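Below is one structure, written out as structure tokens, with a few remarks after it.
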Amino acid sequence: MEGRKTVLFIVDGLGGRPTDMDGQTCLEAADTPNLDSMVSDGSGGMMYSVGKGVAPGSDTAHLSILGYDLDDIGYSGRGIFEALGYGIEPGKNDVCFRTNFATVNEEGVVEDRRAGRITEGQEELESLVNSVELNGADFVFKSTNQHRGVFILKGEGLSDNVEDVDPHETGVEIKKCVPEKDEDSRRTADIVNGFVEKTRSVLEDADINKRRRKDGKKPVNALLLRGASKPLRLEPFDEKYDVGSFCVAAGPLYMGIARQVGMKVIKPYGATGDFDSDLLAKAKAAVEGLEDKNFVFIHVKGADNAGHDRDADRKKKFLEKVDEAVGYLLDNLDWGRTKIAFTGDHSTPVELGNHSDDPIPIVYYGEGIDRDSVVRIGEKWCREGDVGYIDGMDVIPGLLGTSSQPEEEGF
Ligand code: ZN
Ligand code: ZN
């Protein structure tokens, strides 16, 4: 495709705090010649993906950066993205949940939310769960990765206004699915509660658990449900911005979000959605895809995982790998007609091992982007950039030059 090209590069959990590495964030400490050269010729700034004071989840952060106003879209949970991420296409009235195989004791107290991160027997477990009979609704259950899976309730008169069954901690009982007050929600919660109970009894006596107990392993005897959601009705990304877009990602959540907004998704061979991902393969897929399309959203995940693991060295190393991928983009795209926004979805400081509300560095570079005084990538340098502090919703308008204040903001 001729004409202008646009790249949105999101490093999950990019931002950090000076406590990461002896007074420097992982990004500041990392050896990043390509990103430094990019920001030297472009503009730096800081971004609050969902708003100041909010430590967002990756789901809401991405929706906001892609330009979908969380107050308007009626978003209730991640189930739908998980389903789409694994290539399942739910019907428009279906309610999707994310699930975990878990271990509970006789009283229903959760002992392990991941049943020891099971690595085998998922097919057997999947067919056991699918043998459960429900009154009043059909369902599909799919085991996806280790202990994770997707549960989809199918039919009319269902609601996603129901709370999680997953207590999100151990040492407490599985929760009852609590509905909102309307009839559809109550009906949905009844069905879910019946399902959870029946699943427990089917799993409890299953052969796989007899074997596991004999081997000294924890039984897989419960399914925890969370993140109820129906498919969202969002304006397709391409119509919203008048572009031809695609996404290069490997994490199911991100592939799911991209599919929900109508993007074609490419998961190159070797891309894993984790630290070991082949980021060069992703950069190559982006460059190739831009021959036919004009907007690519690239997502990489490893920095966030390292942040959650409180592993500063690993986060720094991953950011150096990101830098190599950025180098490939710099070498292989025509920057006379290409623009990039390089940023994260939130900060994941090593100190917290979790997401924080710290603003995230953002860099704009390429055709038509003015150069400011920032010469290195990193929180303390980007803070001084001409882009200033922006919101997630402003990222793409700034990139496409449709922002209401492009000139004075230095885009
Ligand atoms: Zn994230
Ligand atoms: Zn995270």
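The values are calculated or read from the model by the stated rules, or taken from the named source; none is laboratory data. Because the structure is a prediction, the values reported are computed rather than measured. Counting neighbours? That spans all protein chains shown, and the Cβs are built from the backbone with ideal geometry, glycine included. Accessible surface areas use protein heavy atoms only, side chains included; no ligands, DNA or RNA. Shrake-Rupley method; radii C 1.70, N 1.55, O 1.52, S 1.80 Å.
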Just one listed residue, out of SER347, SER356, is farther than 26 Å from MET263 by Cβ and among the polar types (S, T, N, Q), and it is SER356
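Among the residues of segment 30-58 satisfying the criterion of being among the hydrophobic types (A, V, I, L, M, F, W, C) and surrounded by fewer than 19 Cβ atoms within 10 Å (Cβ to Cβ), which is nearest to ligand 2 (Cβ to nearest atom)?
In the first step, residues of segment 30-58 are kept if they are among the hydrophobic types (A, V, I, L, M, F, W, C); the result is 30, 35, 38-39, 46-47, 50, 54-55.
Filter once more, keeping what is surrounded by fewer than 19 Cβ atoms within 10 Å (Cβ to Cβ): 54-55.
Numbers: VAL54: 14, ALA55: 10 Å.
Of everything passing the filter in segment 30-58, ALA55 is nearest to ligand 2 (Cβ to nearest atom).
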Are any residues in segment 90-105 open to solvent by less than 30 Å² (accessible area, probe 1.4 Å) and touching a Gly at 6+ places or on another chain (Cβ under 8 Å), and if so, which ones?
ASP94, VAL95, CYS96, PHE97, THR99, ASN100, PHE101, THR103
Counting residues that are out of contact with any Asp or Glu (no Cβ under 9 Å at 6 or more places or on another chain), open to solvent by 70 Å² or more (accessible area, probe 1.4 Å) and not assigned by TED's automatic domain parsing to the domain that holds LYS284, which helices (runs of 4 or more DSSP H) fully inside segment 164-256 reach at least 3?
183-204, 207-214
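Select, from LEU27, LEU14, LEU8, LEU70, the only residue that is within 16 Å of ligand 1 (Cβ to nearest atom) and open to solvent by 10 Å² or more (accessible area, probe 1.4 Å).
On the way: LEU27 fails: open to solvent by 10 Å² or more (accessible area, probe 1.4 Å); LEU14 fails: open to solvent by 10 Å² or more (accessible area, probe 1.4 Å); LEU8 fails: open to solvent by 10 Å² or more (accessible area, probe 1.4 Å).
On inspection, the qualifying residue turns out to be LEU70.
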Inter-residue pairs, beta-carbon under 7 Å, first under 17 Å from ARG233 (Cβ atoms) and in segment 52-70, second within 15 Å of ligand 1 (Cβ to nearest atom) and polar (S, T, N, Q), 6+ apart:
LEU70/THR60; LEU70/SER64
Give all pairs with beta carbons closer than 9 Å in which a residue from segment 324-349 that is open to solvent by 30 Å² or more (accessible area, probe 1.4 Å) meets a residue that is within 16 Å of ligand 2 (Cβ to nearest atom) and not aliphatic (A, V, I, L, M); count only pairs at least 6 apart in sequence or on separate chains.
none
Got a sec? Which strands (runs of 3 or more DSSP E) wholly within segment 52-162 have at least 3 residues that are within 30 Å of ASP357 (Cα to Cα) and either at pLDDT below 95 or of a type outside the set (A, V, I, L, M) (or both)?
95-104
Is there any pair with a first residue in segment 281-297 that is closer than 12 Å to LYS267 by Cβ and a second that is among the small types (Gly, Ala, Ser) whose Cβ atoms are under 7 Å apart and which are 6 or more apart or on different chains, and what are they?
ALA281/GLY270; ALA281/ALA271; LYS282/ALA271; LYS282/ALA325
Does ASP274 fit the bill of being under 19 Å from LEU290 (Cβ atoms), among the acidic types (Asp, Glu) and free of Cβ contacts under 8 Å to residues at least 60 places away in the same chain?
no
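Does ASN145 count as polar (S, T, N, Q), more than 24 Å from the chain's Cα centre (by Cα) and assigned by TED's automatic domain parsing to the domain that holds ASP112? Break it down stepwise before answering.
On the way: polar (S, T, N, Q): yes; more than 24 Å from the chain's Cα centre (by Cα): no; assigned by TED's automatic domain parsing to the domain that holds ASP112: yes.
In short, no.
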